[in-house]
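Trainee: The structure's right below; bear with me while I get my questions together.
The values are calculated or read from the model by the stated rules, or taken from the named source; none is laboratory data. No experiment lies behind these values; they were computed from the predicted model shown. Methodologically, a virtual Cβ is constructed for each residue, glycine included, from the backbone with ideal geometry; neighbour enumeration extends over all protein chains shown. Only protein heavy atoms, including side chains, enter the accessible area calculation; ligands, DNA and RNA are left aside. Shrake-Rupley method; radii C 1.70, N 1.55, O 1.52, S 1.80 Å.
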Amino acid sequence: MMIKKIAFVVLALSVFSCKDNSEKEKEMKIIKNEVSEPVVRKYPEALEKVFNAHGGINAWGKYRTLTYEIPREPNKEIHTVDLYNRKDVVLMGNVELGFDGTQVWLQDPDNSYQGDPVFYHNLMFYFYAMPFVLGDKGIHYGGTEDLEFEGKSYPGISITYDNGIGTSPKDEYYLHYDPETHQMAWLGYTVTYRTGEDSDNIKWIRYNDWKKVADVLLPKSISWYDYEGRTIKQVKNTVHFENIQLSEKPKRNGFYQKPEGAVFVEGKSQT
């Protein structure tokens, strides 16, 4: 009788052990799929110098979660982004919107949100996470003429995207940097969202207010300027960023999923 009991216990432990191993294997597969494998990429020398002036692309690559706040009225915005898969959540008072990796969702109990969630959910992230987001896959680099402002010349790099990258793959970007420090100084960009048509109307943002967050430089504020072509005029408006945090850890499971009461927004957003 004792031998039978021992045999039963050994069998049970074996079953549970197999189950544990199976579950562990599943978890490992999930983790492997979630985490981007490090990719060694070759960037133009000038862009490498810009990355290095901001702490380095490898330093940026070790972080998983970025959180920051934008003070606005009547409600501040709290942005949270998974830097590996670009899922995100934006909280604005009672309004919440996000991207679950496939679709954009919106929770708006008072029907007060007047914006376009598909366009906005990651818009400020891409402006904020400069210059590091210009190291993404599917980008092509080229030359562009210097940008002149207040008697100083800022060398530049042009950026275009492969088809299927982002919601507006026909957008064009122009990064201009300080020739002495190699820190990013200006971003020029076109907007082709929803039209699908090329545009030669380049908007300009100045980056001259940097803050060290962990071991990289990120903006404390960015300013849009009035312009005529490539002639930069006076500052138009400034957006400030507060309570900036970088973490090597991901958010809890389900953090970026559509919450109860939210709806998926028509259209598909891509990272």
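Trainee: Nothing charged except the Cβ atoms of Lys and Arg (+1) and of Asp and Glu (-1): what's the magnitude of the dipole of the range 116-158 about its Cα centre? Round to the nearest 20 debye. Working shown, then result.
Mentor: Details: 2 positive and 6 negative charges, 44 e Å.
Dipole size: approximately 220 debye.
Trainee: Of 153, 221, 112, which has the most accessible area with a 1.4 Å probe, and how do the rest follow in descending order? Don't skip to the end; give the middle numbers.
Mentor: Working: 153 45, 221 10, 112 65 Å².
Greatest to least solvent exposure: 112, 153, 221.
Trainee: Just the accessible area for residue 189, please: 1.4 Å probe, Å², rounded to the nearest 10?
Mentor: It works out to around 20 Å².
Trainee: On to the next question. Considering only protein heavy atoms, with the full assembly of protein chains and a 1.4 angstrom probe, order 45, 150 by accessible area, largest first.
Mentor: Reading off the accessible areas and sorting them downward yields 150, 45.
Trainee: Another one. How much of the accessible area of the range 40-119, probe 1.4 Å, is carbon plus sulfur, in whole percent?
Mentor: On the way: 1670 of 3650 Å².
Summing carbon and sulfur atoms, their accessible area is 46 percent of the total for the range 40-119.
Trainee: To continue, here is another question. Carbon and sulfur together cover what percent of the accessible area of the range 200-253 at a 1.4 Å probe radius? Walk me through the intermediate numbers first.
Mentor: On the way: 1340 of 3340 Å².
Taking all protein chains in place, the range 200-253 shows 40 percent carbon and sulfur surface.
Trainee: Further, regarding this structure: Express in whole angstrom the spacing between the alpha-carbon centres of the range 63-96 and the range 105-143.
Mentor: The distance from the Cα centre of the range 63-96 to that of the range 105-143 comes to 11 Å.
Trainee: To the nearest 10 square angstrom, what accessible area does residue 240 show with a 1.4 Å probe?
Mentor: Counting only protein heavy atoms, residue 240 exposes about 100 Å² to solvent.
Trainee: While we're looking at this one, here's another question. Dipole size in debye (nearest 20) for the range 43-193 around its Cα centre, Lys and Arg Cβ +1, Asp and Glu Cβ -1? List each step's numbers first, then the result.
Mentor: Working: 10 positive and 22 negative charges, 91 e Å.
Result for the range 43-193 is approximately 440 debye, rounded to the nearest 20.
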